[in-house]
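Below is one structure, written out as structure tokens; the observations come after it.
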Ligand SMILES: [Zn+2]
């Protein structure tokens, strides 16, 4: 073709989907504001001036270039102490609209911005309304014009390529698992999105805050038909965090593999993870059956709920985070300490560590379950690395290591792919369980893991000894292990 192709249809579609996602948060939202979910960790925010903004190294390519086929790229990988460049094999090429595509990633969308106007209520709660979502200055699909080139670590190109590489590595791990559910949807990457909150205080002073130091996955419906699209958001790093740790989260292989784990569970549950509507199965919105007072992240959360009240969505949120951690861990071939040196995550979220940052033993006793289910107050914590048990990521902290160890003991001398089979068997079981939301609790969701392990190896007596000791707050799962 001699003339410039018509406007970038696929990117426009992606933008329109993302706009929808942002716009769906038009109602009032308590903290945290609308965002793609779930994430790798608790929400982390920073003043906008603290943003570590990465610029395009090759702006002319991004503006008007043509992606080329590549067989090798340079990524930047964190090894627990530092980040170093690493040349890796990678098949990428130009998509129909000149964007850079690979096996499971159909392009990356540059310049996504979502604005919220926020006020602080008398009780200190942040109330944010989405103002507008936009892509600046216009929809831009990421392009890579230099074959097998190396970009500087401090560039938007390296952020995008490194994230894409680890996402694809997770996809390859998934595709190699025997009996996997086929047809996992392709996704886009959204590198360096800005979720900007503009605060106005009572005295008229204003300030801005942005979401930082995180990654998230959303599976979102495409407009007009039943097709869905996955979107991986890779948030910017804050200057403060970078100064303290020297690492960007996307340089940690575990992080994008964790997000891909959410993609896998979503695929199995056939669940659309929108920002404001979390659905388990078709036409079953758990929000509609949840007690309104059951709110986490809120100092006003009502405790002392009537006993027997279940909150299946929160239970599933905790298991979703745990599943994602286990998927990331096995996709990394059970390498020890995959989060070493990473602020907030480190040993606490490391499925190979039996203790948290402060040395407390992982696991879920009845006191921790009571906190998560809103029946008692969260633990006090003065840092992000120690669980308070009021957040779904704390369930991953508590259950990741006992579950990883349980699966490993039940599959001795077998490779990561077999452990992947166990996870997928668990996901299949969960699909059946969540069809009846009233049956869903942390306990019953973990029972399904026990069943999945036994499907692979019925003789789990010794593996159960340790696992049961770690989950004393989950009586049904303990009982399932004994049988
Ligand atoms: Zn997550």
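The values are calculated or read from the model by the stated rules, or taken from the named source; none is laboratory data. Everything numeric in this text was worked out from a predicted model, so none of it was measured. Here the Cβ is made from the backbone with ideal geometry for all residues, glycine too, and neighbour counts use every protein chain on show.
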Somewhere in segment 220-228, is a residue at pLDDT 90 or above and outside the structural domain of residue 421 (by TED's automatic domain parsing)?
no
Looking for something at pLDDT 95 or above and under 30 Å from residue 172 (Cβ atoms) - is there at least one such residue anywhere in segment 468-479?
no
Given the criterion assigned by TED's automatic domain parsing to the domain that holds residue 165 and surrounded by 21 or more Cβ atoms within 10 Å (Cβ to Cβ), identify the matching residue among 120, 110, 127.
110
Filtered residues of segment 235-264 (kept if more than 16 Å from the ligand (Cβ to nearest atom) and either assigned to a helix (DSSP H, G or I) or over 22 Å from residue 154 (Cα atoms) (or both))
239, 240, 241, 242, 243, 244, 245, 251
Would you confirm whether or not segment 265-287 contains a residue that is surrounded by 14 or more Cβ atoms within 10 Å (Cβ to Cβ), closer than 24 Å to residue 348 by Cβ, within 16 Å of the ligand (Cβ to nearest atom) and at pLDDT 60 or above?
yes
Selected residue [farther than 27 Å from residue 267 by Cα, surrounded by fewer than 21 Cβ atoms within 10 Å (Cβ to Cβ) and either modelled with pLDDT under 95 or within 16 Å of the ligand (Cβ to nearest atom) (or both)] from 354, 367, 337, 377:
377
Expected single match for part of a loop (DSSP other than H, G, I, E, B) and either assigned by TED's automatic domain parsing to the domain that holds residue 476 or in contact with a helix residue (DSSP H, G or I) (Cβ under 6 Å, 6 or more places away or on another chain) (or both) among 368, 375 is 375
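Tell me, yes or no, whether segment 199-208 has at least one residue that is outside the structural domain of residue 420 (by TED's automatic domain parsing) and either within 22 Å of the chain's Cα centre (by Cα) or within 16 Å of the ligand (Cβ to nearest atom) (or both).
Kept after step one, since they are outside the structural domain of residue 420 (by TED's automatic domain parsing), are these residues of segment 199-208: 199-208.
Within this subset, residues satisfying the condition of being either within 22 Å of the chain's Cα centre (by Cα) or within 16 Å of the ligand (Cβ to nearest atom) (or both) are none.
Within segment 199-208, none of the residues are outside the structural domain of residue 420 (by TED's automatic domain parsing) and either within 22 Å of the chain's Cα centre (by Cα) or within 16 Å of the ligand (Cβ to nearest atom) (or both).
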